[in-house]
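See below for the structure under consideration.
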Amino acid sequence: MAPAQRCPLCRQTFFCGRGHVYSRKHQRQLKEALERLLPRVEAARKAIRAALVERYVPEHERCCWCLCCGCEVREHLSHGNLTVLHGGLLEHLASPEHKKATNKFWWENKAEVQMKEKFLVTPQDYARFKKSMVKGLDSYEEKEDEVIKEMAAQIREVEQSRQEMVRSVLEPQAVPDPEEGSSAPRSWKGMNSQVASSSQQPSNLDLPPAPELDWMETGQSLTFIGHQDIPGVGNIHSGATPPWMIQDEFTSGNQQIGPSYEEFLKEKEKQKLKKLPPDRVGANFDHSSRTSAGWLPSFGRVWNNGRRWQSRHQFKNEAAAMKKHSHREKS
């Protein structure tokens, strides 16, 4: 009998020696495993001629399982803020350790010889990938420079528009000719000087100082109309009682909310009775009905020990003795 061997593809122990690798189950498992790895290898082979460089993201840290070597391999190659797509997998496929492990795997599992070249990368292809990676890095830096230049141009445009707006507000308006009449609008400078001269004149009325308006604002000024507080009614900010603490007029302080404790116990007993079978003996018995003292059967008596028939015979004997005694008294 052949010694026990473990097949990692089929995940079982077999005792048939080398004959297991020729079985249908083993060949089916081998084909499915190679088909799962083949799409990633083909995507990595496409990157040999045109390497793609992207900004680093945490998703680039994912790994793939190398079926030939029996270990995890990083799919992408990251350095700093940059990531070369499929760089880690191509580096592993071109290593001599992977080539040696692939030859051993194909020999032990009797896989198709035509498929072995798809899972290997020659040194010439890997050197070509390095050249394309350098070109990809240069093109990525050019794109980054273009993006930086576009952002700088946008910042200059926003800054220039802001300065123009400020300059248009700060510049005084043109002084109109006196022939145009007094109805023409006056300049901001003239209005400011008039307001300043009028404020220097004494006044007999103690009026509150007028709010200072910001003449730099381009929009219309707002008028302050005072606090809109309702007289006699406060709020929580003024220290008044919150509305949820105020007792309603139509409710009394002694009114009980919800059912009483007795009603709760009755409802609890009803819920217990609902769980019992409805066709049980005594289910429809009214426990609130009154019964007389002679409801017990007349053929016997209540007993605490012994058997029922003994109390019945004792009852009959006592009943016969009572009849004889009453008959003697009558005679």
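The values are calculated or read from the model by the stated rules, or taken from the named source; none is laboratory data. Every value quoted in this text rests on a predicted model; they were computed, and no experiment measured them. Note that each Cβ is placed from the backbone with ideal geometry, even for glycine, and that neighbours are counted across all protein chains shown. Ligands, DNA and RNA are stripped out before the accessible areas are found, and what is left, the full protein with its side chains, is counted by its heavy atoms. Shrake-Rupley method; radii C 1.70, N 1.55, O 1.52, S 1.80 Å.
Computed over protein heavy atoms with a 1.4 Å probe, the accessible surface of region 38-142 works out to 62 Å² per residue.
Only alpha carbons enter this Debye calculation for region 38-142, each as an equal point scatterer, and the log10 of I(q)/I(0) it gives at q = 0.10, 0.20 Å⁻¹ is -0.29, -1.01. The listed residues His92, His237, His26 rank as His237, His92, His26 when sorted by accessible area, largest first, using a 1.4 Å probe.
Of the peptides 72-83, 52-63, 318-329, the ranking by mean beta-carbon count within 10 Å, highest at the top, reads 72-83, 52-63, 318-329.
Can you give me the % of accessible surface on region 38-142 that is carbon or sulfur? Probe 1.4 Å, all protein chains present, nothing else counted.
For region 38-142, the apolar C and S fraction of the accessible surface comes to 55 percent.
Distance between the modelled labels on Leu276 and Arg62, one decimal in nanometres: 6.3 nm (7 Å Cα→Cβ projection).
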